[in-house]
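The values are calculated or read from the model by the stated rules, or taken from the named source; none is laboratory data. Values in this document were obtained by computation on a predicted structure and should not be read as measured data. All Cβ positions, glycine included, derive from the backbone under ideal geometry; neighbour counts span all protein chains shown. Only protein heavy atoms, including side chains, enter the accessible area calculation; ligands, DNA and RNA are left aside. Shrake-Rupley method; radii C 1.70, N 1.55, O 1.52, S 1.80 Å.
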Amino acid sequence: MAASRTYRTRAIVLSKTKLKETDLIYTLLDEGGREVRAVGKGARKPGSRLAARCEIGCEVDLLIARGRSLDVIAEARLLAAPLGSAPTMELLSAASAIADVCRACIFEDAEDPFVFAITARTLEVLGGMGGEQDGPHQDLLVAAYIMKLLAHVGYRPDYRGCVLCGDADVTYFSATAGGLLCASCASSVAGAEAVDVTVVGWLRSLMTLKLDELSAAPIDPMTATFLLALAHVWAATHLDVRLRGLEFMLGV
């Protein structure tokens with residue numbers, strides 16, 4: 001029996017790329033955790049309903065027609081817009097950073113429902129926080145998303161003690177070494193970053209606390225930004241990709 005020419009899927013919009021004069025290529029995370037790439041015909045035309053329903057971070061129900069090289073979106077129904085109807089630049093930046101990391105962790109032929117679940121939940125919590133005063137918590141949630149997702153796909157940092165000698169007195173962090181280091185071992189590891197006891201505590205909390213707990217936890221802006229920077233280095237090192245969304249958030 002011939003395969004159906006169309007299929008329906010629930011997905012989160014991760015990115016969009018221009019194609020020809022009026023079309024867009026959408027990169028999507030489907031509910032099974034797979035990457036789906038599909039063309040939105042006429043999505044760049046003024047007043048396009050498809051474009052309005054398929055913004056970054058939106059959760060959509062899609063009817064997709066199979067194509068020779070790229071599938072084509074035949075129908076789109078908006079299920080959720082966690083960032084709201086008019087998200088701030090800071091919120092969009094955080095969502096784009098999440099999308100960048102997510103794209104680097106998914107594949108067309110590999111299912112992993114956890115990726116969809118954690119991505120959807122992180123966007124929901126981010127969108128529920130709102131204003132500019134939540135900037136530190138946006139940094140904290142993106143850092144937590146990175147660490148939790150990468151731990152799930154096989155890049156779990158070791159925070160039990162020094163990754164090289166096991167010493168409990170850890171004062172450095174190294175992505176290349178795989179986690180925390182004592183001062184003695186850090187002297188032989190290029191690029192090891194000094195961390196104080198507060199940052200060490202937060203690094204452990206990124207793995208152990210739920211997203212809702214992190215969104216309500218008191219944290220100062222400098223610590224939150226530093227944690228995001230460490231998460232950026234961790235992701236860039238182990239995924240071996242340039243993460244422009246994170247670079248924009250950090251101003252680098």
>> Given points 7 Å out from each Cα along the Cα-Cβ axis, report the Ala183 to Ser85 separation in nanometres with one decimal.
In response: 5.8
> Setting aside same-chain residues fewer than 8 positions from Lys45, which lysines have a Cα under 18 Å from its Cα?
Replying inline: Lys16, Lys18, Lys20
>> If each residue of separation counts as 0.36 nm, what is the full-extension length gain between Ala217 and Leu250 once their alpha-carbon separation is subtracted?
In response: 9.8 nm
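Taking only C-alpha pairs under 8 Å that are 6+ residues apart, what is the relative contact order of the stretch 65-188 in percent?
Details: 108 pairs, mean separation 21.9, N = 124.
Relative contact order of the stretch 65-188: 18 percent.
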>> With every protein chain left in place and a probe of 1.4 Å, what is the accessible surface of Arg53, to the nearest 10 Å²?
In response: 90
> Under unit Cβ charges (Lys, Arg +1; Asp, Glu -1), what dipole magnitude, rounded to 20 debye, does the chain have relative to its Cα centre?
Replying inline: 1260
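Quick check: residue separation of Leu19 and Asp158 times 0.36 nm, minus the Cα distance between them. What number comes out in nm? Mind showing how you got there, number by number?
Working: separation 139, 0.36 × 139 = 50.04 nm, distance 4.29 nm.
Taking 0.36 nm per residue and subtracting the Cα distance, the gain is 45.7 nm.
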> Remind me, relative contact order of the stretch 27-72 in percent, using alpha carbon pairs under 8 angstrom and six or more residues apart?
Replying inline: 33
> What does the helix-only formula give at 222 nm for the chain: each DSSP H stretch with n ≥ 4 adding -39500 (n - 2.57), the total divided by the residues, and the result rounded to the nearest 500 deg cm²/dmol?
Replying inline: -13000 deg cm²/dmol
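Among the DSSP beta bridges whose two residues both lie in the chain, what percent are antiparallel, rounded to the nearest 5?
Approximately 90 percent, going by the DSSP bridge assignments.
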> Within the stretch 1-30, whose backbone N sits under 14 Å from a point 7 Å along Cα→Cβ of Ala65?
Replying inline: 5-7
>> I'd like to check one number: the per residue accessible area of the stretch 1-138, probe 1.4 Å, reported in Å² as a whole number.
In response: 51
>> Just want to confirm a number: the relative contact order over the chain, from Cα pairs under 8 angstrom separated by 6+ residues, in percent.
In response: 17
> By how many degrees, between 0 and 90 and to the nearest 10, does the Cα long axis of helix 113-129 differ from the longest principal axis of the chain?
Replying inline: 80
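Mind ranking Ser96, Ser187, Ser48 by accessible surface for me, highest first, 1.4 Å probe? The partial results should precede the final answer.
On the way: Ser96 45, Ser187 100, Ser48 25 Å².
Accessible-area ranking of Ser96, Ser187, Ser48, largest first: Ser187, Ser96, Ser48.
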> What are the ³J(HN,Hα) values, in whole Hz, obtained from phi via the Karplus relation 6.51 cos²θ - 1.76 cosθ + 1.60 with θ = phi - 60°, for each residue of the stretch 147-152 in sequence order, with x given for Gly and Pro?
Replying inline: 5, 5, 5, 5, 4, 5
> To the nearest 10 square angstrom, what accessible area does Tyr155 show with a 1.4 Å probe?
Replying inline: 80
>> Accessible area of the chain with a 1.4 Å probe: how many percent of it is carbon plus sulfur?
In response: 51
